[in-house]
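Written out below as structure tokens is the structure these notes cover.
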Amino acid sequence: MNYAVIKKFDIANGPGVRVSLFVSGCRHKCKNCFNSEAWDFDYGKPFTKETIAEIIEALDKDYIEGFSLLGGEPFEPENQAGIYELLKEIKEKLPNKTVWCYTGFNFDTQLLAGLVGDKNLTLECLKLIDVLVDGKFVEELKSPSLLFRGSSNQRIIDVKKSLTENEVVWLSGVWERKMGSGNIYE
């Protein structure tokens, strides 16, 4: 697996200040993607144990709320083993940090259905994610008023509740406390 960039002070891809990893490789190729250079699986730098250590060190600060995983496409089969090792390390060493992941794949009809990569590895990755923003970016549904997503077809999913309740559960409640006004569902 390769990665395009690590952002150690990101406020755009989830609540609070976050560390974000943008992995390389994506077959979705969404029209007007903001990160099209990362479509190439060979783009960027090799993802190594040193990369994981760098991310853990950046996350281990009181003002960092959590970690965000983006792409490219984190759930491409070529990326799943690497993201699993990273997410496992984050949850073991920093269990209070939230993990957000952005994917063009659909949570229930593609990822949980086992249509992407190794079904067991996909599920193990999902168990380590708190919030999943799913669905391809659709230029015609783009709106700058949307919070933490690019187009209105994308969902902000509470992964833990969704796995427990065996249905898609949108994330709710945190926005009034952390963000003040604003509705993520509009």
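Structure notes:
- In the elastic network of the chain, a GNM with C-alpha springs shorter than 10 Å, the most mobile of Arg149, Arg18, Arg27 is Arg27.
- Among Asp62, Asp130, Asp118, residue whose mean-square fluctuation peaks in a GNM of the chain (springs only between Cα atoms under 10 Å): Asp62
- Accessible surface, the chain, averaged per residue in Å² (probe 1.4 Å): 50 Å²
- Size of electric dipole in the stretch 64-132: Cβ of Lys, Arg +1 and of Asp, Glu -1, about Cα centre, debye, nearest 20: 200 debye
- The lysines whose alpha-carbon is closer than 16 Å to the alpha-carbon of Lys142, local same-chain residues fewer than 8 away aside, are Lys29, Lys31.
- Comparing mean-square fluctuations of Thr109, Thr48, Thr122 from a GNM of the chain with C-alpha springs under 10 Å, the top value falls on Thr109.
- Efficiency of FRET between Asn166 and Asp118 - r from beta-carbon atoms, R0 30 angstrom, step 0.05: 0.90
- Normalised convex hull volume, the stretch 116-177, alpha-carbon set, Å³ per residue: 97 Å³
- 28 Å Cα-Cα reach of Lys93 towards lysines, excluding residues that sit fewer than 8 places from it in its own chain: Lys7, Lys8, Lys45, Lys49, Lys61, Lys119, Lys127, Lys160, Lys161, Lys178
- Charged-residue dipole, Cβ positions (Lys, Arg, Asp, Glu), the chain about Cα centre, Debye nearest 20: 260 debye
- Bins of 10 Å, starting at 0 and running to the largest distance - Cα pair percent for the chain: 10, 39, 40, 11, 0
- Set against the 2.2 N^0.38 Å expectation for a compact globular protein, the stretch 23-89 has a Cα radius of gyration ratio of 1.19.
- Across all Cα pairs in the stretch 75-136, the calculated P(r) in 10 Å bins from zero up to the longest distance comes to 23, 58, 19, 0 percent per bin.
- On the chain, 51 percent of the accessible area sits on carbon and sulfur atoms, based on a 1.4 Å probe.
- Spatial separation of Cα centroids for the stretch 110-158 and the stretch 1-38, in angstrom: 14 Å
- The H on the amide N of Val133, modeled in the peptide plane, is under 5 Å from the matching H of Cys101, Tyr102, Thr103, Ile157, each at least 5 residues off or on a different chain.
The values are calculated or read from the model by the stated rules, or taken from the named source; none is laboratory data. Treat the numbers as computed from the prediction; the structure is a model and nothing was measured. All Cβ positions, even for glycine, are placed from backbone atoms using ideal geometry, and neighbour counts span all protein chains on display. Surface accessibility is based on the protein's heavy atoms, side chains included, excluding ligands, DNA and RNA. Shrake-Rupley method; radii C 1.70, N 1.55, O 1.52, S 1.80 Å.
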